[in-house]
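Take a look at the structure set out below.
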Amino acid sequence: MRDIMGRPGLPFGGKTIVFGGDFRQVLPVVRKGSRAQVVASSLRMSYLWESMSHLKLVSNMRAKNNPWFAEFLLRIDGGTEVTNRDGDIRLPGEVCVPYSGSDSDLDNLIDYVFPNLNENISDSTYITSRVVLSTRNDWVDMINVKMIDRFQGAHTVYHSFDSAMDDPHNYYPPEFLNTLTPNGLPPHVLKLKIGCPIILLRNIDPANGLCNGTRLVFKRKQFPIRLSFAMTVNKAQGQTIPNVGVYLPESVFSHGQLYVALSRATARSNIKILVIPAVDGNKRSRKGVRKNPTVDCGTYTKNIVYKEVLTN
């Protein structure tokens with residue numbers, strides 16, 4: 001832009017550029033990066049930051065009709081919510097799915113988010129207005145497999161065509177490549193039914209194929225979509241979803257994830273969270289689970305906030 005405008009001494013050649021974003025949400029992903037590296041990757045740490053005029057939006061329009069929920073989210077995104085001695089925050093009891101340790105716990109979460117699913121499979125508004133969020137792709141994939149099996153109707157299965165370039169000795173046979181699901185690529189086996197929700201995958205990079213340090217170009221021919229009964233928290237950033245379930249077999253692992261997960265919904269009555277608590281060192285209790293059936297200890301989870309990226 002500086003070259004085009006012939007003004008090399010001015011940022012962007014003197015043109016006005018408008019940026020938008022929320023540093024309280026998920027920051028740029030730095031693969032295996034440290035906290036300092038993640039913070040350094042944000043726009044706030046750019047040398048251009050001091051050249052910008054800063055405007056702040058102060059009203060949560062998504063939750064404007066639920067002041068308590070909006071205030072709760074402010075405490076979550078700012079890292080000011082009260083924590084226990086383990087550094088965990090307590091989630092409101094009314095938004096939590098009780099944890100019993102059985103497989104039915106996840107089914108209960110799904111039933112809350114998708115009530116009367118098969119009576120509404122032809123209602124696109126019903127389908128697209130609800131989702132289960134989680135932090136890792138393998139948990140999301142597991143929920144999507146469970147949901148497509150629940151979804152009524154005949155299914156069609158699409159298989160990808162996988163090949164390894166520059167592999168004359170067939171060190172990477174198709175059977176092995178079929179087992180891989182690199183980030184940003186659709187699965188090898190794509191099972192679809194009419195009416196099921198899908199999400200378009202973008203920025204598909206066919207070079208996702210490193211194996212034990214060997215460089216390999218991995219090519220996959222497949223429809224660039226995934227099921228989206230469930231999706232990752234990061235993928236849901238920026239979306240408004242009226243009915244949200246949050247599945248946390250483990251606590252969130254990066255800045256802003258819990259805030260993004262909780263703030264997709266418009267009210268606390270439209271969100272349910274299932275926390276799978278960690279076993280403590282003595283194996284005698286689980287964090288966030290009732291140690292005594294007559295005493296409600298509450299549900300706790302981690303909330304990661306890098307406060308240094310929130311300061312001016």
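What follows draws every value from the coordinates through simple rules; no lab data is involved. Computed from a prediction, not measured in an experiment: that's the story for all the values here. So basically every Cβ, Gly included, is an ideal-geometry build from the backbone, and we count neighbours across all protein chains shown.
Between LEU117, LEU55, LEU185, the Gaussian network model of the chain with springs among Cα atoms under 10 angstrom shows the greatest mean-square fluctuation at LEU55.
Net length available on complete extension from ASN120 to ILE225 is 35.6 nm, with 0.36 nm assigned per residue and the Cα-Cα distance removed.
Most mobile of HIS188, HIS155, HIS169 per a Gaussian network model of the chain (Cα springs, under 10 Å)? Among HIS188, HIS155, HIS169, the largest GNM mean-square fluctuation belongs to HIS169. Full extension of the chain between LEU310 and ASP167 yields a length gain of 46.7 nm, computed as 0.36 nm times the residue separation minus the alpha carbon distance. Ordering ILE89, PHE114, GLY79 by the projection of their Cα atoms onto the charge dipole of region 70-150, which places +1 on the Cβ of Lys and Arg and -1 on the Cβ of Asp and Glu, puts GLY79 at the extreme positive end. Convex hull of alpha carbon positions in the chain: directionally averaged projected area 21.7 nm². Treating r as the C-beta distance of THR156 and THR128 and R0 as 22 Å, the FRET efficiency rounds to 0.60.
Taking amide H as placed 1.01 Å from N in the peptide plane, ARG226 has its amide H under 5 Å from the amide H of ILE199, LEU201, each at least 5 places away in sequence or on another chain. Neighbour counting of Cβ atoms within 10 Å sorts the residues VAL233, VAL39, VAL82, fewest neighbours leading, into VAL82, VAL39, VAL233.
Estimated from helices alone, the mean residue ellipticity of the chain at 222 nm is -5500 deg cm²/dmol (sum of -39500 (n - 2.57) over DSSP H runs with n ≥ 4, per residue).
For region 1-58, the gyration tensor built on C-alpha atoms gives an oblate shape. Its axis ratio a/c (a ≥ b ≥ c) is at least 1.5, and a/b is not larger than b/c. Residue by residue, region 40-46 carries 3J(HN,Hα) couplings of 5, 7, 7, 4, 4, 9, 6 Hz when phi is fed to the Karplus relation 6.51 cos²θ - 1.76 cosθ + 1.60 (θ = phi - 60°); x denotes Gly or Pro. Site pair PHE12 and ASP86 shows an inter-label distance of 4.6 nm when each label is modelled 7 Å from Cα along Cα→Cβ. Exposure proxy for THR83, THR311: other Cβ atoms within 10 Å of each Cβ, ordered fewest to most, give THR311, THR83. Taking 31 Å as the limit for the C-alpha separation, the pairs LYS146/LYS307; LYS272/LYS307; LYS32/LYS64; LYS64/LYS302; LYS64/LYS193 exceed it in the case of LYS146/LYS307; LYS32/LYS64; LYS64/LYS193.
Under a Gaussian network description of the chain, with springs only between Cα atoms under 10 Å, the residue in VAL131, VAL145, VAL157 that fluctuates furthest is VAL157. Scanning residues 5 or more positions from THR299 or on other chains, those with amide H under 5 Å from its amide H are LEU91, with H placed 1.01 Å from N in the peptide plane.
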